[in-house]
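The structure under discussion appears below in the form of structure tokens.
Coordinate-derived values only; no laboratory data. Because the structure is predicted, anything quoted here is derived from the model rather than measured. FYI the Cβ positions are ideal-geometry reconstructions off the backbone, even for glycines, and counts take in every protein chain you see.
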Amino acid sequence: MGRSWVLQDRFICFPVLYSLNFSEVFEMHTAAILQFLKKHGQHLNSEIALATAIPLPRVRTSLSDLSSRGEISQCSVTRFTDGKPVEGILCRIAGSIPPRTPGRKPSA
């Protein structure tokens, strides 16, 4: 198994294993993304890419695969940062409900 260093986006070096085929690398990305979402909850695709050091196009491909398998829920969102729209995909584990916030709740 040969190992080499390849220069990626933003000048970050990642090791590349030449003995792995595309489907094995793709599964590694989906597993890492799924593990990240289980640990940290709901996040945008750009936040997942930064946290896992996986390029954004590969994150988007993995998210669409996970969504088609029913493992995650995703929706398109537009957030406004300094008045500029930023579009992204918001993802979470399918079937999980975020915990209630602490503190007093209004009575009905």
Amide H proximity to HIS43 below 5 Å, modelled H, separation 5+ or other chain, gives CYS91
Quick query: amide H of ALA94 versus all other amide H atoms, modeled in the peptide plane; which residues come in under 5 Å with a sequence gap of 5 or more or a different chain? ILE72, SER73
Modelling each spin label as a point 7 Å along the Cα-to-Cβ direction, I'd like the GLN35/LYS105 distance in nm, to one decimal. 3.5
